[in-house]
1. Looking at (1) in contact with a helix residue (DSSP H, G or I) (Cβ under 7 Å, 6 or more places away or on another chain); (2) at pLDDT 85 or above; (3) part of a helix (DSSP H, G or I), which one does Lys170 not meet, given that it meets all the others?
2. Would it be correct to say that Leu221 is within 30 Å of Tyr148 (Cα to Cα), under 13 Å from the mean Cα position of the chain (by Cα) and open to solvent by 20 Å² or more (accessible area, probe 1.4 Å)?
3. Would you mind telling me which numbered condition in (1) open to solvent by 40 Å² or more (accessible area, probe 1.4 Å); (2) part of a helix (DSSP H, G or I) Tyr308 fails?
4. Can you spot a residue in segment 239-247 that is open to solvent by 70 Å² or more (accessible area, probe 1.4 Å) and in contact (Cβ under 8 Å) with a residue 60 or more places away in the chain?
5. Could we say that Ile279 is touching a residue at least 40 places away in the same chain (Cβ under 8 Å) and surrounded by fewer than 22 Cβ atoms within 10 Å (Cβ to Cβ) here?
6. Being at pLDDT below 75, surrounded by 12 or more Cβ atoms within 10 Å (Cβ to Cβ) and over 25 Å from Leu7 (Cα atoms) narrows it down to one of Gln152, Gln163, so name that one.
7. Does segment 217-239 include one or more residues that are out of contact with any Asp or Glu (no Cβ under 6 Å at 6 or more places or on another chain) and modelled with pLDDT of 85 or more?
8. Can you pull out every residue in segment 286-305 that is aromatic (Phe, Trp, Tyr) and buried (at least 16 other Cβ atoms within 10 Å of the Cβ)?
Amino acid sequence: MIVSLLLIVFGFAGLIFGANWLVDGATSLAKKYNIPDLVIGLTIVAFGTSAPELVVNSIASADGLSDIVLANVIGSNNFNLFIILGLAGLIYPITVQSSTAWKEIPVSLIITIALMVLANNFFMDGDSEISRLDGLILLILFAGFLYYMFRQLKTDNTNVVVQVNKSNTKIWGLILIGFAGLLVGGTLVVDNAIAVATELGTSQKIIGLTIIAVGTSLPELVTSIVAAVKRNSDIAIGNVIGSNIFNILLIVSVSSFINPIAYNQNFNQDFAILIGGTIFLIISMFIGKRKKLDRWEALLLFSFYLIYTGYLVFKEI
């Protein structure tokens, strides 16, 4: 099992470095062809930060590992909300822009509820699953979210011009090495996570909600912690909320296109935690100092996740 755990660590390293190299190379290539920063940010960079979840889920979906597919997305979103935002808020209270408080956070709540409804087939007969039709609905919603972000950024006029000095050889080298790192890293994580779950006699769901979810959220963790230290609240909370929306609308839809995702209704508890946490975040915008996540609220988020994760692990022992 020690070898499997080490290979999981190497896999996460491949995912993180691969995503960074891919973003670096693809961004440089886009700028060489005068593609606007706005388009680069909405596509290449957004894809790069969620590439670990996307690759892991694509591999798991191709192998028919539905529990890992769902556990990675729901677990990553819970980790983003409770641990990453909780830690960032403990470092420095997070002030939230009006558009985030009134639009992005409620959107995150609505699409989480929508995914739960689609997965349970509340309004249709048949087995609970996320079908390809459900995936298409999520993908259409994702296109709508990108359009909203495009309009928002266009209004904010935040484009920045950066000179690119990399050669084409270096750019394509970064892109190819990045893809290779993602594929190798994703395969190592999925295969060895299954091996660890089998050896421990625990469920794929628990491994997905803990080890895989935490590992694939490391890029978001580093980004938000650095942003909090620099007192950049917009990046700290925008990174978390944007990643959660991206995970549900894009990662789940792509996974369902590869293979319909069988839904284990035990995940309803984890959905309830995610929905409750998002509602708490909305409420926190209107108590105490308005549109601010105070340290005591961040501590509640952080502490709750630790207690809940301990409860999940204790149930498996």
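1. Lys170 satisfies every listed condition except (1).
2. When the stated conditions are applied, Leu221 passes them.
3. Answer for Tyr308: the failing condition is (1).
4. No, that holds for no residue.
5. yes
6. Unique residue meeting the criteria: Gln152.
7. Taking every residue of segment 217-239 in turn, none turns out to be out of contact with any Asp or Glu (no Cβ under 6 Å at 6 or more places or on another chain) and modelled with pLDDT of 85 or more.
8. Those that are aromatic (Phe, Trp, Tyr) and buried (at least 16 other Cβ atoms within 10 Å of the Cβ): Phe302, Phe304, Tyr305.
The values are calculated or read from the model by the stated rules, or taken from the named source; none is laboratory data. Given the structure is predicted, the values throughout are model-derived calculations rather than measurements. Heads up, the Cβs are rebuilt from the backbone with ideal geometry, glycines too, and the neighbour counts pull from every protein chain shown. Ligands, DNA and RNA are excluded from the accessible area calculation, which covers all protein heavy atoms including side chains. Shrake-Rupley method; radii C 1.70, N 1.55, O 1.52, S 1.80 Å.
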